[in-house]
Amino acid sequence: MKRRSLSAVSMTTILLMAIASSVSIAASIDGKITCDDEKHSAAVGVMVELWNTNESGKQERKSGVATTTAGDFNFAGLSPGTYQLKFRWRPTKADDVLLDYYIPRASDEIKLDKHSEIHRPVVALRGATITGKAVLDRKPSAGALVTTKSSSLESLIKTDDKGIFRLTGVRPGQDALVEILCNTERVRYLKRNVVKADRVKAGATIELPDVVFETLSGINNLSGVLQNADGSRHAGIRPLPAISEDGKLKFLLIFRDGVLNTELFPGKYKVFNDAFADEQSPLATIEVPAQNVVLKLNKK
């Protein structure tokens, strides 16, 4: 009886040790997001996503939490591996204090072993504000899309009824590339404006010159089909920028369900695979004569 009792105790001890060992193996990442102000105010309601790099080198989203009223976030029970934190934030009201702050879009890579307990504080920097006005044919362009990767806002903003836009929380100390898309019935015009780093200062308001668009005149219709590599029609909506040889004219070609129908000046154009990617090798160089043309592209 004593042997059985001791054996049972031993088995129980081993089991408890195994459980304790498995619990201790789990790693964790926690942190706190605070604003760079005198009070170090908590950044509340920021979505923090945990991404993991898998064996094939691709990133996968593991989970996400919102920061608490104290600005805290925590991920527990993690397996060893390489992780990255990504931050998303969408203001819910105009007086949200975070409107004026820049929150990094992502952290650097975090490598965890079996017993890692990583604390990763994040500071939201006081950002700059960039304002401007979009004008189409000498009239305010309402609803034009404006974006910059220098801001922590996760989505595009639109110009108001007066064509005015206001980008807030722009990262200080770096060049800010502002992209404005003006939509007409047939063409989406694209313009860019680079604000140099020495102007992008914490708390500064930068007013850009009016962004002026003019409807193309003396243009020709261009129709075409976007094909996949196997010759089938490419489905869905796919924007491709067409850039003229002299680099002066830049706008997007819009394929809907693989069919293109837009207008261009006569001349030669370079067509690229991805929007805003001027440095890539072009998919094709096309020439628009005085009559309609048919363009066929193979998707890369």
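The values are calculated or read from the model by the stated rules, or taken from the named source; none is laboratory data. As the structure is a computational prediction, the values presented were derived from the model and not from experiment. When we count neighbours, we look across all protein chains shown, and the Cβ atoms used for this are built from the backbone with ideal geometry, even at glycine. When the accessible area is computed, the model is the full protein with side chains, heavy atoms only, and any ligands, DNA or RNA have been set aside. Shrake-Rupley method; radii C 1.70, N 1.55, O 1.52, S 1.80 Å.
Calculated FRET efficiency, Q84 and T131, Cβ-Cβ r, R0 22 Å, to nearest 0.05?
Taking R0 as 22 Å, the efficiency between Q84 and T131 is 0.10.
Pop a pseudo-label 7 angstrom from the Cα along the beta-carbon direction at both N74 and V123 and give the gap in nm to one decimal.
Here the answer is 2.5 nm between the modelled labels.
On a C-alpha basis, how far is the centre of the stretch 137-197 from the centre of the stretch 71-107 in Å? Whole number, if you could?
Distance between centres, Cα-based: 24 Å.
Could you order peptides 141-148, 201-208, 164-171 by the average number of other Cβ atoms within 10 Å of their residues, highest first?
Details: 141-148: 19.2, 201-208: 13.9, 164-171: 21.0.
Per-residue Cβ counts within 10 Å, averaged per peptide and sorted highest first, yield 164-171, 141-148, 201-208.
Between D37 and K196, take the C-beta separation as r, use R0 = 25 Å, and let me know the FRET efficiency to the nearest 0.05.
For R0 = 25 Å, the calculated efficiency reads 0.45.
So, R0 is 35 Å and r is the distance between the beta-carbons of T53 and V212; what FRET efficiency does that work out to, to 0.05? Don't skip to the end; give the middle numbers.
Working: r = 45 Å, r/R0 = 1.27.
So, using R0 = 35 Å, E works out to roughly 0.20.
So, for the stretch 92-158, what is the accessible surface per residue at a probe of 1.4 Å, expressed in square angstrom?
Per-residue value: 57 Å².
Can you send over the carbon and sulfur percentage of the accessible area for the stretch 155-207, probe radius 1.4 Å, protein chains only? List each step's numbers first, then the result.
Values: 1350 of 3020 Å².
Reported share for carbon and sulfur atoms: 45 percent.
Sorted by accessible area (1.4 Å probe), largest first, how do V194, V135 line up? Provide the component values of the computation, followed by the final result.
Numbers: V194 75, V135 20 Å².
Listed by decreasing accessible area, they come as V194, V135.
Quick one: if you stick a label point 7 Å off each Cα along the C-beta vector at Q174 and K139, how many nm between them?
About 3.9 nm separates the two model spin labels.
Would you mind computing, in nm to one decimal, how far apart the modelled labels at R105 and S63 are, each placed 7 Å from Cα along Cα→Cβ?
Going by the 7 Å Cα→Cβ label model, 2.6 nm.
For a 30 Å ceiling on Cα separation, which of these pairs sit above it: K133/K196; K201/K268; K32/K114; K39/K114; K111/K149; K86/K268?
Among K133/K196; K201/K268; K32/K114; K39/K114; K111/K149; K86/K268, the Cα-Cα distance tops 30 Å for K201/K268; K39/K114; K86/K268.
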